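A.B. asks: Below are the structure tokens for one structure; questions will follow.
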Amino acid sequence: METQVKLTKLATCAGCGAKMGAGTLTKMLEGFKTHSDPRLIVGYDKSDDASVYVLSEDQALIQTTDFFPPIVDDPYLYGKIAATNALSDVYAMGGEPKLALNILCAAESMEDKTIREILRGGYDAAYEAGAIITGGHTIKGTEPFYGLAVSGFVHPDKVLTNSGARPGDVLLLTKPLGVGILTTAAKAGMAEGAVMDRIYRQMATLNKTARDIMVQYPVHSCTDVTGFGLLGHSYEMAQGSGCTLHIQADQVPYHPEALEFADMGLVPDGAYRNRDYAQPGVRVCREIPLALEDIFYDPQTSGGLLIALPAEAAEACLAELQKQIPQAARIGYVTELQDAAIKLE
Amino acid sequence: MERTIDCRGMACPLPVVNAKKASEELQAGDILTVLVDNEVAVQNLQRFASHKGYVSTGEKKSETEYTVVMTITGAGTAAPEEAIACHQDTRRKGMLVVLSANTMGNGDPKLGTALMKAFVFALTKQDQLPDTILCYNSGAYLTCEGSESLEDLQLLESEGVTILTCGTCLDFYGLREKVAVGGVTNMYEIVERMEAASQIIRP
């Protein structure tokens, strides 16, 4: 378990907290020339998790990539978490990952065995997902990062975008929040080992189980809750769907330790960026402690799926999810567009 | 006494870490000034100050220069931490459960396995949950992939129960990478936790 190099010391940002803000990114991509192709059914104009291109009547290709600097000192665990996070976007589209490429930047100070362990973590995650890593690209740099470019497949009629939520839907979330705050607390040397073991294990858990269960139900919309936090991703879903998402603050699962750390000011930069981005669309309808709001804006690395499906199906789906993922929870519901895109209730 | 610490150029969470350290060395009535270079650090420091019950003010001097000034108060005046009642804590302080085998009692191992599964399940149904569960020797199997008690233990963990498995035991049984719930511990921590417990339950 012990490693020589303190991997996280090589990184200035932790995990998905390193993600560029959603607002900045949208502005940056404005006005570029692109070909239009009717077979590209989900492109970057949709701010979705991945792009989807129809290949034939019964097959569409999903493509996505994700990488970030070390979030944990154990190189194997870091590799596994980074790969799990990258694979997640395919699950969020309702698909199954099939092929992947490594994207690795190694710092000069890293030993070969450390790099090998990172990759071993990535291969184990891909293996568990049923995907094959076919190659990749590795460079040397000052600040390391690792992730995957992933291709997956889905039936064109079964694509789950983040813009399909409808009034009457119920919202489910499959992993507790607070991961960004807790990794920040770990960087500060304040989070206990046993707590962090739980967090790292959660981050290294694929959303495969959640996806495999979800696709058996008439799900309208899905996204994975990652760098933009619960409210950032909910905001995208609300805007894309033209609905209001009602989030019931006391139903949202989170790691209880995160509340204390947020209260102490161990809130990652990303949470502030997410707040700047989503807050204009959020109406807080009851008294919520600032620390709990921080948790809702907290960037998640390899977070869970946010699923919108009709109320009639939600109960059975949640019961099925909870059999394998006890922390899965119903966190709110969807209505016609009201005075705000998101209402925290 | 007044003290100023310069945290410019430091990435989150270092300004808070340094402010915490500095504040612990100061007395009630002392003033701590923290220099930082970004707005996020200001907000985090103000969260820290209000967590400690300190009065603080943040000021922007220029685009890259901000100050947060906090007046240190005595330890007793910190804001109460029980203000948030969203998660009710059902753990009983000092209650420790030791699972020293993957079976319960002496006799037929098949029965012992079924009893242990029922014991862990029953544990999840108690009004007051233990603080900590320690697993050692063949008890290590309980926290690993393939364990029939895994879901119950995960549920307990999600309720805030600390679950720890002996690392030596995991290595002995070749289970190190199979752990699926809780953390890994060593004999020192096992001894310390047992010493600190007010109540030890052994099925």
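No lab work stands behind these numbers, since they all come straight from the coordinates. Values in this document were obtained by computation on a predicted structure and should not be read as measured data. Cβ atoms come from the backbone with ideal geometry, glycine included; neighbour counts cover every protein chain shown.
A.B. asks: Run the reach check for residue A:113 against aspartates and glutamates, Cα to Cα strictly under 15 Å, same-chain hits fewer than 8 apart removed. What comes back?
C.D. replies: List returned: A:2, A:73, A:74.
A.B. asks: Can you tell me the order of A:145-153, A:52-60 when each peptide is scored by its average per-residue count of other Cβ atoms within 10 angstrom, highest first?
C.D. replies: Answer by packing, highest mean first, reads A:145-153, A:52-60.
A.B. asks: What's the ranking of B:127-139, A:169-181 by average number of surrounding C-beta atoms within 10 Å, highest first?
C.D. replies: Sorting B:127-139, A:169-181 by mean packing, highest first, produces A:169-181, B:127-139.
A.B. asks: Take the alpha carbon atoms of segment B:138-199, find their center, do the same for segment A:209-235, and report the distance between the two centers in whole angstrom.
C.D. replies: 31
A.B. asks: Quick one: which residues, 5+ away or cross-chain, put their amide H under 5 Å from the amide H of residue B:201? H built at 1.01 Å from N.
C.D. replies: B:96, B:97, B:98
A.B. asks: Can you spot the aspartates and glutamates whose alpha carbon is less than 14 Å from residue A:33's alpha carbon? Ignore those fewer than 8 places along the same chain.
C.D. replies: Output for residue A:33: A:45.
A.B. asks: Counting DSSP beta bridges in chain B, what percent are antiparallel, to the nearest 5?
C.D. replies: Around 40 percent of the beta bridges assigned by DSSP in chain B are antiparallel ones.
A.B. asks: Once you place label points 7 Å from the Cα toward the Cβ at residue A:113 and residue B:177, how far apart are they in nm?
C.D. replies: It is 1.6 nm.
A.B. asks: Need the list of lysines near residue B:117 for cross-linking: C-alpha distance under 20 angstrom, and skip anything on the same chain fewer than eight residues off.
C.D. replies: A:323, B:125, B:178
A.B. asks: Then there's this: Before rounding to the nearest 500, sum -39500 (n - 2.57) across all DSSP H runs of length at least 4 in chain B and divide by the residue total; then give [θ] at 222 nm in deg cm²/dmol.
C.D. replies: That calculation yields -10000 deg cm²/dmol at 222 nm.
A.B. asks: Still on this model: Taking every pair of distinct Cα atoms and averaging 1/r, then inverting, what Kirkwood hydrodynamic radius in Å comes out for segment B:2-75?
C.D. replies: Its Kirkwood hydrodynamic radius stands at 11.8 Å.
A.B. asks: Turning to a different aspect of this structure: Given only helices, namely DSSP H runs of n ≥ 4 each adding -39500 (n - 2.57), what is the per-residue ellipticity at 222 nm of chain A, to the nearest 500 deg cm²/dmol?
C.D. replies: -11000 deg cm²/dmol
A.B. asks: Between residue B:5 and residue A:311, what is the label-point separation in nm under the 7 Å Cα-to-beta-carbon projection?
C.D. replies: Computed distance between label sites residue A:311 and residue B:5 equals 5.2 nm.
A.B. asks: Rank the residues A:293, A:345, B:59 as a footprinting-exposure proxy: fewest other Cβ atoms within 10 Å of their Cβ go first.
C.D. replies: So the residues, fewest neighbours to most, are B:59, A:345, A:293.
A.B. asks: Provide the per-residue ³J(HN,Hα) series for segment B:26-41, in order, calculated from phi with Karplus coefficients 6.51, -1.76, 1.60 and θ = phi - 60°, each as a whole number of Hz, with x at glycine and proline positions.
C.D. replies: Here the 3J(HN,Hα) series is 9, 9, 4, x, 6, 10, 10, 10, 10, 8, 9, 10, 8, 5, 4, 4 Hz.
A.B. asks: Moving on. So how compact is segment B:91-201: Cα radius of gyration and Dmax in angstrom?
C.D. replies: Final numbers for Rg and Dmax: 12.9, 35 Å.
A.B. asks: Fewest to most neighbouring Cβ within 10 Å: what's the order for A:223, B:64?
C.D. replies: Ascending Cβ contact count within 10 Å gives the list B:64, A:223.
A.B. asks: Same structure again: Enumerate the amide H contacts of residue A:177 below 5 Å, restricted to partners 5 or more residues apart or on another chain; note that Pro and chain-start residues carry no placed amide H.
C.D. replies: A:254, A:255
A.B. asks: Still on this structure, please answer the following. On alpha-carbon atoms, Rg over Rh for segment A:7-158 using Kirkwood Rh?
C.D. replies: Computed over Cα atoms, the ratio is 1.00.
A.B. asks: Would you please give the residues with an amide H less than 5 Å from that of residue A:325, counting only those at least 5 places away or on a separate chain, with H modeled from the backbone geometry?
C.D. replies: Distant-sequence amide H within range of residue A:325: zero hits.
A.B. asks: Too long at a 20 Å Cα-Cα cut-off: which of A:9/B:60; A:80/A:208; A:27/A:343; A:6/B:52?
C.D. replies: The pairs that break the limit, which is 20 Å between Cα atoms, are A:9/B:60; A:27/A:343; A:6/B:52.
A.B. asks: If you don't mind, there's one more thing I want to ask. Given a cut-off of under 8 Å on Cα pairs at least six residues apart, what relative contact order in percent is computed for chain A?
C.D. replies: Averaging sequence separation for qualifying contacts and normalising by length gives 23 percent for chain A.
A.B. asks: Could you tell me which of rounded, prolate or oblate describes the protein assembly as shown, using a ≥ b ≥ c as the square roots of the eigenvalues of the alpha-carbon gyration tensor, with rounded for a/c under 1.5 and, failing that, prolate when a/b is larger than b/c and oblate otherwise?
C.D. replies: Judged from the Cα gyration tensor, the protein assembly as shown comes out rounded (a/c under 1.5).
A.B. asks: For the residues B:65, B:189, what sequence is obtained by ranking on other C-beta atoms within 10 Å, fewest first?
C.D. replies: B:65, B:189
A.B. asks: First check a/c for segment A:169-344, with a ≥ b ≥ c the square roots of the eigenvalues of its C-alpha gyration tensor; if it is under 1.5, answer rounded, and if not, answer prolate when a/b is larger than b/c or oblate otherwise.
C.D. replies: It is oblate, given that a/c is not under 1.5 and a/b is not larger than b/c.
A.B. asks: Based on DSSP, what percent of beta bridges with both residues in chain A are antiparallel, to the nearest 5?
C.D. replies: Antiparallel: roughly 75 percent of the beta bridges in chain A.
A.B. asks: Any idea what angle helix B:14-25 forms with the longest principal axis of chain B, computed on alpha-carbon atoms, 0 to 90 degrees, nearest 10?
C.D. replies: The two axes meet at around 80 degrees.
A.B. asks: Let me ask something else about it. I'd like the FRET efficiency for residue A:30 and residue B:199, computed as 1/(1 + (r/R0)^6) with the beta carbon distance as r and R0 of 45 Å, rounded to 0.05.
C.D. replies: 0.10
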